[in-house]
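See below for the structure under consideration.
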Amino acid sequence: MTANISLGQYLPGNSVVHRLDPRTKIFLMALYIAIVFVVKSLVVFLLPVVLLVAMFLFAQVPASYFFSALKPMKWLLVFMFVINLFATQGTTLWIDWKFIHITQEAVEQAVYITLRLVLLVAGTSILTLTTSPIALTDGLEKLMSPLRKLRFPAHELAMMMTIALRFIPTLMEETDRIQKAQMARGADFESGNIFQRAKSMIPVLVPLFVSAFRRADELAMAMESRCYHGGEGRTRMRELHFHWRDLFATLLLTAVLVGIILLENLPL
Amino acid sequence: MPIIIEQLSHTYLPGSQLAYPALSDVSLTVQDGEFLGIIGHTGSGKSTLIQHLNGLLLPTAGSVLVDGLDTREKKLRKQIRSLVGMVFQYPEYQLFEETVERDVAFGPKNMGLSEEEIAPRVEEALRLVGLNPSEFSEKSPFELSGGEKRRAALAGILAMRPKYLVLDEPMAGLDPRGRREILALIESLRSDYGTGIVMVSHSMDDVAMFADRIAVLDKGSLFMVASPEDVFSHSTELLEMGLNLPQATQLVRALRARGIDIQHDYFRMEELAADLIGRWNHDR
Ligand SMILES: Nc1ncnc2c1ncn2[C@@H]1O[C@H](COP(=O)(O)OP(=O)(O)OP(=O)(O)O)[C@@H](O)[C@H]1O
Ligand SMILES: [Mg+2]
């Protein structure tokens, strides 16, 4: 049951996008988000849409992942669309029937907002689809490392993220095991009202915490006995390197962003 | 009435890309009061099989009937789980209550028994596993030693007075003395209470010593289920599956390889020793 959820959604592969430096990809995502937000008119919206399609193609991610990225959001999307459709004030009335008034501006607004959300979610899913969690934290650590001058614990934060990611599947397996052991003793997690159910989780949570603390302790001990002492002077097994493709991708997206800003602001 | 497993198949994550057929077409009967050993290489499906015995896992195909009760029936599950006690590997990780007494009482309480019925059961279970109730009842389970924790956890199952006791490598991680004590306890449950025992073990000597019958799993299929004598006479096949042999069987094979003619396939050290001593006396 619970142990079967694969964490994140990394899709191993060897496409150009997979091979981009994680730092580049994080930066590109920031650019992409900026692009999605500066777009204002319907025609210009074509650009980020094309960009999204291009990203899926270059990353060799099957289109089905587009839908699975949106799936958890589907109600939010519907909700946003409907709210904007009815709540936006406008002048050009399209539908005027009893208490329902829908204006042209409202339709446009609803479409923009929904499209923006879709673009954001689907686009950023490319980052997690093509970057392993470890590479992602590595990239984040590197990007944050200038902040160390301000005593910001970049390395420690990244290490914590790595460890947390590493232990999520383990803890899920453990939960499954403890749950089964208590079910074998007649524990019932499915019936009763919400309070009874919350209470029925105690026999699972207590052993789970005990074991999480034990694991944390053991891990700390193992790390210390291998002379781990934080980020200072630590070298890495896999160094991150920028390549031409990183520069090229960055230039491309920057150009798109600048282009869109010009398009939206020039009086055409 | 026995536990009847018929043409049981189990697939993990069916329908997904990760679908994994862990058991296929296993038919097996656990008789009342018998000691059934289950052996098999790592990943052969032993744990998957035994979790079907009390409905923690449900068959993808086939059926499991516990005393005639189908594990797929949701209504019967509570009843099935009080009939079949299940001791997982490292059962001490299931302890959660503030006191040993309350932890042991968890199972009987879930069965809906009254306080008056529970108290004697808890005391009896603690005595069975060798924890003195007056000393241990009020202790926190987390301040016990490793071996004591395991016994406390075991008592938590025994307090439900199961008709069958299913154990997944119950001796893992114990010292030799702890192993012997747990084995002796399991043996006495069977002889004194008539509890049917199903035990998964990696120790061939333990199953050879105690089991009436042994089921051999190989890559999710039942290779054979037979008396220890029959099973260990297939030593070549067992070795090919990556299994060990009991020490006595190993010794018989080594002696035969050196040209000493031993007809009988011994699997218990005492019997082999008696045979060898007999020969030695005879030769003199
Ligand atoms: N929750 C699960 N999801 C997916 N696959 C699983 C799951 N549990 C077990 N498996 C797979 O099913 C197969 C059989 O597992 P099982 O735990 O029954 O083996 P086992 O015989 O008990 O092995 P061991 O001796 O190591 O305990 C293994 O290949 C395992 O990877
Ligand atoms: Mg197992």
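The values are calculated or read from the model by the stated rules, or taken from the named source; none is laboratory data. Because the structure is a prediction, the values reported are computed rather than measured. All Cβ positions, even for glycine, are placed from backbone atoms using ideal geometry, and neighbour counts span all protein chains on display. Side chains are part of the model used for accessible areas, which takes the heavy atoms of the whole protein and leaves out ligands, DNA and RNA. Shrake-Rupley method; radii C 1.70, N 1.55, O 1.52, S 1.80 Å.
Sorted by accessible area with a 1.4 angstrom probe, largest first, how do A:Phe213, B:Phe210 fall? Numbers along the way, then the final one.
Values: A:Phe213 145, B:Phe210 50 Å².
Heavy-atom accessible area, descending, gives A:Phe213, B:Phe210.
What does the structure give for A:71-82 when I average, per residue, the other chain Cβ atoms found within 10 Å of the residue Cβ?
Values: counts 0, 0, 0, 0, 0, 0, 0, 0, 0, 0, 0, 0.
Across A:71-82, the average partner-chain Cβ count within 10 Å equals 0.
Out of A:Leu147, A:Leu70, A:Leu28, any idea which swings most in a Gaussian network model of chain A, alpha carbons joined below 10 Å?
Ranking A:Leu147, A:Leu70, A:Leu28 by mean-square fluctuation puts A:Leu147 first.
With an 8 Å Cα cut-off and a minimum separation of 6 or more residues, compute the relative contact order for chain A in percent. Write out the running numbers ahead of the final one.
On the way: 222 pairs, mean separation 82.3, N = 268.
Computed value for chain A: 31 percent relative contact order.
Accessible area per residue for region A:70-130 in Å², computed with a 1.4 Å probe and the full protein assembly in place, what is it? Show your work: numbers first, answer last.
Working: 3680 Å² over 61 residues.
For region A:70-130, the per-residue accessible area is 60 Å².
Which of the three applies to chain B, rounded, prolate or oblate, going by the alpha-carbon gyration tensor with a ≥ b ≥ c and a/c under 1.5 meaning rounded? All intermediate terms of the calculation are to be shown ahead of the outcome.
Details: a/c = 2.17, a/b = 1.34, b/c = 1.62.
Cα axes put chain B in the oblate bin.
Loop-only trypsin sites (Lys or Arg not before Pro) in region A:193-268, please: DSSP not H, G, I, E or B, and at most 15 other Cβ atoms within 10 Å. Please report the intermediate quantities before stating the final value.
Values: sites: A:Arg197, A:Lys199, A:Arg214, A:Arg215, A:Arg226, A:Arg234, A:Arg236, A:Arg238, A:Arg245; in loops: A:Arg226, A:Arg234, A:Arg236, A:Arg238.
Of the trypsin sites (Lys or Arg not before Pro), the ones in loops of region A:193-268 whose Cβ has at most 15 other Cβ atoms within 10 Å are A:Arg226, A:Arg234, A:Arg236, A:Arg238.
If I compute solvent accessible area with a 1.4 Å probe over the protein chains, what percent of it on the protein assembly as shown is carbon and sulfur?
Summing carbon and sulfur atoms, their accessible area is 61 percent of the total for the protein assembly as shown.
Given a 1.4 Å probe, show me the residues in region B:58-98 buried by at least 20 Å² of accessible surface when comparing the whole protein assembly to the chain alone.
B:Lys74, B:Lys78, B:Arg81, B:Phe88, B:Tyr93, B:Gln94, B:Phe96
In whole angstrom, how long is each semi-axis of the equivalent ellipsoid of the protein assembly as shown, when you take the square root of 5 times every eigenvalue of its Cα gyration tensor and sort them from largest down?
Numbers: eigenvalues 703, 182, 123 Å².
Result for the protein assembly as shown: semi-axes of 59, 30, 25 Å.
What figure in square angstrom, to the nearest 10, would you give for the accessible area of B:His264 with a 1.4 Å probe?
80
Which of B:Asp261, B:Asp67, B:Asp168 moves most in a GNM of chain B, Cα contacts under 10 Å?
Comparing B:Asp261, B:Asp67, B:Asp168 in the GNM, the peak value goes to B:Asp261.
Debye calculation, C-alpha points only, no solvent: report log10 I(q)/I(0) for region B:103-250 at q = 0.11, 0.13, 0.17, 0.19 Å⁻¹, in the same order as the q values.
-0.51, -0.67, -0.98, -1.13
Heavy-atom accessible area per residue, region B:10-125, 1.4 Å probe: how many Å²? Don't jump to the answer; show the numbers that get you there.
On the way: 4940 Å² over 116 residues.
In whole numbers, region B:10-125 has 43 Å² accessible per residue.
Run the quick spin-label model on A:Ala198 and A:Tyr228: label points 7 Å from Cα toward the beta carbon, then report their separation in nm to one decimal.
It works out to 3.5 nm between the two label points.
For region B:187-284, state which GluC sites (Glu not before Pro) are in a DSSP loop and have at most 16 other beta carbons lying within 10 Å of their beta carbon. Can you show the working numbers first?
Working: sites: B:Glu187, B:Glu229, B:Glu237, B:Glu240, B:Glu270, B:Glu271; in loops: none.
Counting only loop positions with at most 16 other Cβ atoms within 10 Å, none of the GluC sites (Glu not before Pro) in region B:187-284 qualifies.
In Å², rounded to the nearest 100, what is the total accessible surface buried by chains A and B against each other with a 1.4 Å probe? Could you put the intermediate results ahead of the total?
On the way: alone 17690 and 14000 Å², together 29830 Å².
In total, this chain pair buries about 1900 Å².
Tell me the angle of helix B:100-110 to the major Cα principal axis of chain B, expressed in degrees between 0 and 90 and rounded to the nearest ten.
80
Partner chain Cβ atoms within 10 Å, averaged over the residues of A:200-213 - can you pull that number for me?
Working: counts 1, 0, 2, 7, 2, 1, 7, 7, 2, 1, 5, 2, 0, 0.
Mean partner shielding for this stretch: 3.
For region B:1-76, which trypsin sites (Lys or Arg not before Pro) are in a loop by DSSP, counting at most 13 other Cβ atoms within 10 Å?
Working: sites: B:Lys46, B:Arg72, B:Lys74, B:Lys75; in loops: B:Arg72.
Sparse-neighbourhood loop trypsin sites (Lys or Arg not before Pro): B:Arg72.
Determine which lysines satisfy two conditions relative to A:Lys71: a Cα distance under 28 Å, and not lying fewer than 8 residues away in the same chain.
A:Lys25, A:Lys40
Grab the DSSP H runs of chain A that are 4 residues or longer, score each as -39,500 (n - 2.57), total them, divide by all residues and round the 222 nm result to the nearest 500 deg cm²/dmol. Spell out each step's value before the answer.
On the way: 11 runs with 179 residues, N = 268.
The helix-only estimate for chain A comes to -22000 deg cm²/dmol at 222 nm.
Against the longest alpha carbon principal axis of chain B, how many degrees, from 0 to 90 and to the nearest 10, is the axis of helix B:146-158 turned?
Helix B:146-158 sits at roughly 70 degrees to that axis.
Dipole of region A:200-268 (Lys/Arg Cβ +1, Asp/Glu Cβ -1, origin at the Cα centre): which of A:Met221, A:Leu205, A:Ile260 lies farthest to the positive side?
A:Met221
Rolling a 1.4 Å sphere over the protein heavy atoms, what is the accessible area per residue of region A:155-225, to the nearest Å²?
Numbers: 4140 Å² over 71 residues.
Per residue, region A:155-225 has 58 Å² of solvent-accessible surface.
Using Cα pairs under 8 angstrom and six or more residues apart, how large is the relative contact order of chain B, in percent? Write down the numbers at each step before the final one.
Details: 504 pairs, mean separation 62.5, N = 284.
For chain B, the relative contact order is 22 percent.
Averaged over its residues, how many other protein chain Cβ atoms are within 10 Å of peptide B:141-147's Cβ atoms?
On the way: counts 3, 3, 0, 0, 0, 0, 0.
Counting Cβ atoms of other protein chains within 10 Å of each residue's Cβ and averaging gives 1.
If you take the beta carbon distance between B:Asp212 and A:Gln9 as r and set R0 to 51 Å, what does 1/(1 + (r/R0)^6) give as a FRET efficiency, to the nearest 0.05? Don't skip to the answer; put the middle values down first.
On the way: r = 50 Å, r/R0 = 0.98.
The value I calculate is 0.55.
List the aspartates and glutamates whose Cα sits under 16 Å from the Cα of B:Lys109, skipping any in the same chain fewer than 8 residues away.
Straight-distance partners of B:Lys109: A:Asp188, B:Glu97, B:Glu98, B:Glu101, B:Glu117, B:Glu123, B:Glu124.
Which of these, A:Gly139, A:Gly233, A:Gly90, has the largest mean-square fluctuation under a Gaussian network model of chain A (Cα springs below 10 Å)?
The residue that fluctuates most here is A:Gly233.
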